[in-house]
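A quick write-up on the structure given underneath.
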Amino acid sequence: MEYNRMKLPLFDDFWIDFRVGTVRRWFAPESFSLCPAGPYASLVYDREREVYRVYYETLIESGKDGPRHLKAQESTDLVHFTRLLSPDGSDVLYDGETGVHGCSVMYDEYDPDPNRRYKLCGMTRMARKGIPKEVELAFSPDGITWENDHSLLIHPFTSDTRNSVF
């Protein structure tokens, strides 16, 4: 019997549990990407620039789960990635004032306002003591420079999950 082998990036094997005629075969792990994306990563494709971007969060203080920084890397082939830098030369693209958590980023090529092409949804102002950490929206024209308008409230309380909007 001949098997067709295909690679599925970001594959969740839940799909094959219910697929009739699928044979589960185990292969040695293969590393094919050098992107350090971790929890709450978002993969977006910018058709105008023909690049993929992976947005991800890194802890502000090592070993303490909580406030994070939003960072990103860019690729044309999903194998080789280049770190994106903010206008000040830092690799932190957005911090929501005192940290973010559970963010997702999407690229909306259909939004008529070019300043809102990139959209972010997540908890912001994470390091504030005794004050709810709201889920907010943020917009960016280029996916690098984000506005910090805390009036764009989605949910007034903490959300312990990946926050997505579509």
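Per the Debye calculation on the range 53-99 with a single equal scatterer at every Cα and no solvent contribution, log₁₀ I(q)/I(0) for q = 0.15, 0.18, 0.30 Å⁻¹ amounts to -0.42, -0.58, -1.06.
Which of the GluC sites (Glu not before Pro) found in the range 38-84 are in a DSSP loop and have at most 15 neighbouring Cβ atoms, other than their own, within 10 Å? Before the final figure, lay out the partial values.
Working: sites: GLU48, GLU50, GLU57, GLU61, GLU74; in loops: GLU48, GLU50, GLU61.
Answer by residue number: GLU48, GLU50, GLU61.
Measuring r between the beta carbons of ASP142 and VAL20 and using R0 = 45 Å, the FRET efficiency lands at 0.50. The separation of the range 37-82 from the range 127-157, counted between C-alpha centres, amounts to 18 Å. Highest mean packing comes first when the peptides 98-109, 137-148 are listed by Cβ atoms within 10 Å, giving 98-109, 137-148. The C-alpha radius of gyration of the range 36-166, expressed as a fraction of 2.2 N^0.38 Å, stands at 1.00.
For the range 101-135, run through the trypsin sites (Lys or Arg not before Pro) and keep only the ones in DSSP coil with at most 10 other Cβ atoms within 10 Å of their Cβ.
In loop regions of the range 101-135 (DSSP not H, G, I, E or B), the sparsely surrounded trypsin sites (Lys or Arg not before Pro) are LYS129.
One decimal place: the segment ASN115-VAL51 gains 21.2 nm when fully extended, by the rule 0.36 nm per residue minus the C-alpha distance.
Read-outs: derived from the displayed coordinates by stated rules, not from any lab. This is a predicted model, so every value here is computed, not measured. For neighbour counting, all protein chains shown are included, and Cβ atoms are generated from backbone atoms with ideal geometry for every residue, glycine included.
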